[in-house]
Amino acid sequence: MLGRTVTTKNTKAAKGEATKSRILSAAYRVFAASGYDGASVRKISAESGVELSLILYHFKTKAGLYRAVFRTSTEAILQKRLVRVRQALKSQKKPNVEGVLWTFCESWFALSEGENRELAIIFARSILDQSDRQVALAKELTDAPTELFIDALKHAAPRASEADIHLCYHLFAGALIYFTLDNKRVVRLSGRSVGNTHNSMRKFAKMIARRLDGTDGWKQITGLRDSGEGRARRAVPV
């Protein structure tokens, strides 16, 4: 009798875990496609085939479900990415800005172009979403790689100012996300002259490197406000 009771409990537990797994898989897809605000527990219920009440029983709220998706689906992958990045940066005998930025690119390409593309989309959305909910998650899971790259840039470009380091990093990160998640608009507006993401980001890494190394003013972007040309352009209506 005792053995039968234990077996029954184990069977129920296994079914419960299988149900949670189905819910999380569906939530992963829905959050990637719609973002947090565009997703709903009803959509996730329809996608998973699990009743709404059962989803709420397991995860309580949409916020609880989102956090669970981040923890179960992204934490391990992001931690592995962080380890790979640290190893790649350590392997550089003499860190240079272009090398640091290209390591950043390669780690992002590995994430966004493989089987974890949906994770990359969720990750990108999380960077753009500055709600209290997302900021808390970012501090736990996504800020570490950013801080690692910013520190690496400081070592690679010791003469660059703190402001330039941060400005260049965030410009580069924004361009990388923009290009890799959907470059159709870039291709359309450039008349297809800009299309290959890897080549484009390699060129942009060189531009950033020249700015931070001080070998090229790159004033058309970061120094524009200090020049007469910049003042003239600001006076022209757009």
Residue among 180, 197 that is assigned by TED's automatic domain parsing to the domain that holds residue 110 and touching an Asp or Glu at 6+ places or on another chain (Cβ under 8 Å): 180
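To keep it simple, each residue is scored yes or no on (1) within 25 Å of residue 207 (Cα to Cα); (2) in contact (Cβ under 8 Å) with a residue 40 or more places away in the chain; (3) in contact with a helix residue (DSSP H, G or I) (Cβ under 6 Å, 6 or more places away or on another chain).
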{"residue": "51", "(1), (2), (3)": "no, no, no"}
{"residue": "54", "(1), (2), (3)": "no, no, no"}
{"residue": "81", "(1), (2), (3)": "no, yes, yes"}
{"residue": "89", "(1), (2), (3)": "yes, yes, yes"}
{"residue": "106", "(1), (2), (3)": "yes, no, no"}
{"residue": "114", "(1), (2), (3)": "no, no, no"}
{"residue": "119", "(1), (2), (3)": "no, yes, yes"}
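One line per residue, one yes/no per condition, for (1) modelled with pLDDT of 90 or more; (2) polar (S, T, N, Q):
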| residue | (1), (2) |
| --- | --- |
| 134 | no, yes |
| 137 | no, no |
| 140 | no, no |
| 143 | no, no |
| 148 | no, no |
| 165 | yes, no |
| 168 | yes, no |
| 172 | yes, no |
| 176 | no, no |
I'd like to know if segment 160-177 contains one or more residues that are assigned by TED's automatic domain parsing to the domain that holds residue 214, touching a helix residue (DSSP H, G or I) at 6+ places or on another chain (Cβ under 7 Å) and within 22 Å of residue 68 (Cα to Cα). no
Somewhere in segment 37-57, is a residue closer than 30 Å to residue 149 by Cβ, surrounded by 13 or more Cβ atoms within 10 Å (Cβ to Cβ) and basic (Lys, Arg)? no
Hits in segment 22-31 (condition: touching a residue at least 60 places away in the same chain (Cβ under 8 Å) and buried (at least 20 other Cβ atoms within 10 Å of the Cβ)): 28, 31
State all residues of segment 107-166 that are closer than 20 Å to residue 62 by Cβ, in a helix (DSSP H, G or I) and more than 12 Å from the chain's Cα centre (by Cα); if no residue qualifies, say none. 132, 133, 134, 135, 136, 137, 140
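The values are calculated or read from the model by the stated rules, or taken from the named source; none is laboratory data. It should be emphasised that the depicted structure is a prediction, and the values quoted were computed from it without experimental measurement. Glycine gets a Cβ as well: all are built from the backbone with ideal geometry, and neighbour counts include every protein chain shown.
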